[in-house]
Amino acid sequence: MRLRIMIAAMLVLLGGAARAQVTVAIACGAVGVEFALCRDAAQEWAAQTGNRVQLVSTPSGSTERLALYQQLLSAGATDIDVLQIDVVWPGILAPHLLDLAPHIPADIRAQHFPAAIANNTAEDRLVAMPWFTNGGVLYYRRDLLERHGRTVPETWAQMAETALAILAAERAAGNERLLGYVFQGRAYEGLTVNALEWVHSHGGGTIVEADGRISIDNPRAAAALRQAASWIGRIAPRGVLNYAEEDARGVFQTGNAIFMRNWPYAWPLMNAADSPVRGQVGVALLPKGGAEGTHSTTLGGEQLAVSRYSRHPAEAAALVRHLTAAAEQKRRAIAGGFNPTLPALYQDAAVLTANPFFGTLYDSFVNAVARPSGVAGDRYNQVSSQFWNTAHAVLSGEAEAEAALARLARNLQRISRNGRW
């Protein structure tokens, strides 16, 4: 039954006017309000052009979605025309993606962050257009910190100490369900993101450096993972080892955590009319590894690409242009808290009113730490899976940090073919 059977069942057909020309299938994200925002914008494009848009629901987990994309594209399947892809996938999927440069004028491309365009360029081909950028932030319960006379922590150690103090006081007052810190601890790409933030904030490098050197086996990286492991069972529940973004948000938004690491998409959800923590949440830079550490956030974000096997490449590229344009990025920033890839929107009054921290954390987003996808190329997925499994083993107590990182370095050396990425 072809690979269509592998695509999650929900298909939403938008448009349907008698003048419809072609049907363009697009795979959008499913985290928070992503799907609804994509649906509404695609419907707008369909109404304007007379085409139809079919929304394809794919797995919400990045690892599972990449595997599905790879299987579909390797088979030359025509099921999906436009694909939402992670910031680390352009190099992996490039051979199967259309060059968008002929379809999107240079002056429009120049409006985006240069680094985002460079990230999406492989072998001199623009294989994707940036849709939104991302950086992890620290969400905190402002009301709880104020109640207990605490300030926003600057370091991870201060965060843990603050969480322990507030937990003790709150539990003594009968609040038994409260947790200290929730994050993305499941063995998947989200843990690579979190663990890289810990490591880099301690000065432990970026797993593989830009020159191809494998740097992860070092004392600062080991100290970062040991510190994170010390949170499990103390300020973070053991269940966090199976948390993804929405699991962490669910706990925090119901009022059951003091601190949370997540993406900016969670901000409007925290402040929705039915949110139990509405008006009680603050946002700050992720903590430093120590007094001499840095505030580190891993570069995230999503792009839109067109499959080389699309039956309607021109129309698919036109849909990408519509969805990544300034008007749509502004709407997504206001309605969903998605960081634009257009610098001009960070000075837009409506965007800053909806997301006040966009201004104060702007430099953090722009200077976010990149995962080693550029140097690792099509081997990045192997690098990341090795790293997240190593981090998960340390967090769960199955391995000691130093020995685990030494083993990881040996495995990465083999994957890199002795450093020849």
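Among the residues here, residue 54 does not qualify as surrounded by fewer than 22 Cβ atoms within 10 Å (Cβ to Cβ) and farther than 20 Å from residue 318 by Cα. Condition first: under 18 Å from residue 374 (Cβ atoms) and open to solvent by 40 Å² or more (accessible area, probe 1.4 Å). Now tell me which residues in region 87-130 satisfy that. 91, 95, 114, 115, 118, 119, 121, 123, 124, 125, listed by residue number. For region 311-350, a residue qualifies if it is part of a loop (DSSP other than H, G, I, E, B), modelled with pLDDT of 95 or more and of a type in the set (Gly, Ala, Ser), and exactly one does: 325.
In this structure, residue 341 does satisfy being closer than 22 Å to residue 189 by Cβ, in contact with a Phe, Trp or Tyr (Cβ under 6 Å, 6 or more places away or on another chain) and crowded, with 18+ Cβ neighbours inside 10 Å.
Applying the criterion of being open to solvent by 10 Å² or more (accessible area, probe 1.4 Å) and touching a helix residue (DSSP H, G or I) at 6+ places or on another chain (Cβ under 6 Å) to the residues of region 213-222, the residue that is nearest to residue 390 (Cα to Cα) is 217.
Does residue 278 satisfy the criteria of being under 27 Å from residue 250 (Cα atoms), part of a helix (DSSP H, G or I) and open to solvent by 60 Å² or more (accessible area, probe 1.4 Å)? Spelling it out, it is not the case that residue 278 is under 27 Å from residue 250 (Cα atoms), part of a helix (DSSP H, G or I) and open to solvent by 60 Å² or more (accessible area, probe 1.4 Å).
Condition check for residue 73 on (1) in contact with a strand residue (DSSP E or B) (Cβ under 9 Å, 6 or more places away or on another chain); (2) at pLDDT 95 or above; (3) open to solvent by 10 Å² or more (accessible area, probe 1.4 Å): one failure, at (3). One residue alone among 262, 256 is at pLDDT 95 or above, under 20 Å from the mean Cα position of the chain (by Cα) and under 30 Å from residue 225 (Cα atoms), and that residue is 262. Taking the criterion of being at pLDDT below 80, within 21 Å of residue 128 (Cβ to Cβ) and not acidic (Asp, Glu), would at least one residue in region 34-57 satisfy it? Within region 34-57, not a single residue is at pLDDT below 80, within 21 Å of residue 128 (Cβ to Cβ) and not acidic (Asp, Glu).
If you go through region 58-88 and pick out every residue that is among the aliphatic types (A, V, I, L, M), part of a loop (DSSP other than H, G, I, E, B) and closer than 30 Å to residue 196 by Cα, you end up with 2. Summed over region 199-211, the residues that are in a loop (DSSP other than H, G, I, E, B), open to solvent by less than 10 Å² (accessible area, probe 1.4 Å) and not β-branched (Val, Ile, Thr) give a count of 1.
The set of residues in region 127-185 being touching a Lys or Arg at 6+ places or on another chain (Cβ under 9 Å), under 30 Å from residue 109 (Cα atoms) and in a loop (DSSP other than H, G, I, E, B) consists of 136 alone. Take the residues in region 259-273 that are among the aliphatic types (A, V, I, L, M) and in contact (Cβ under 8 Å) with a residue 60 or more places away in the chain, then tell me which one is surrounded by the fewest Cβ atoms within 10 Å (Cβ to Cβ). That would be 269. Of all the listed residues (214, 235), the sole one being within 24 Å of residue 150 (Cα to Cα) and β-branched (Val, Ile, Thr) is 235. For residue 89, the requirement of being within 17 Å of the chain's Cα centre (by Cα) and either modelled with pLDDT of 95 or more or aromatic (Phe, Trp, Tyr) (or both) is met. For beta carbons closer than 8 Å, sequence separation of 6+ or different chains, a first residue in region 377-392 that is within 10 Å of residue 195 (Cα to Cα) and a second that is acidic (Asp, Glu), the qualifying pairs are 388/189. Residues that are open to solvent by less than 10 Å² (accessible area, probe 1.4 Å) and not in a loop (DSSP other than H, G, I, E, B) within region 223-258 comprise 224, 225, 228, 231, 236, 240, 248, 252, 257, 258, listed in sequence order.
Could you grab me the full set of residues in region 289-334 that are surrounded by fewer than 19 Cβ atoms within 10 Å (Cβ to Cβ), of a type in the set (Val, Ile, Thr) and out of contact with any Lys or Arg (no Cβ under 8 Å at 6 or more places or on another chain)? Result: 334, single match. Could you tell me whether region 1-18 includes any residue that is modelled with pLDDT of 85 or more, open to solvent by 30 Å² or more (accessible area, probe 1.4 Å) and either in contact with a strand residue (DSSP E or B) (Cβ under 7 Å, 6 or more places away or on another chain) or not in a loop (DSSP other than H, G, I, E, B) (or both)? For region 1-18, residues modelled with pLDDT of 85 or more, open to solvent by 30 Å² or more (accessible area, probe 1.4 Å) and either in contact with a strand residue (DSSP E or B) (Cβ under 7 Å, 6 or more places away or on another chain) or not in a loop (DSSP other than H, G, I, E, B) (or both): absent.
The values are calculated or read from the model by the stated rules, or taken from the named source; none is laboratory data. Only a predicted model underlies this, so the values are computations on that prediction, with no experimental measurement involved. Methodologically, a virtual Cβ is constructed for each residue, glycine included, from the backbone with ideal geometry; neighbour enumeration extends over all protein chains shown. Just the protein is used for accessible areas: all its heavy atoms, side chains included, with ligands, DNA and RNA removed. Shrake-Rupley method; radii C 1.70, N 1.55, O 1.52, S 1.80 Å.
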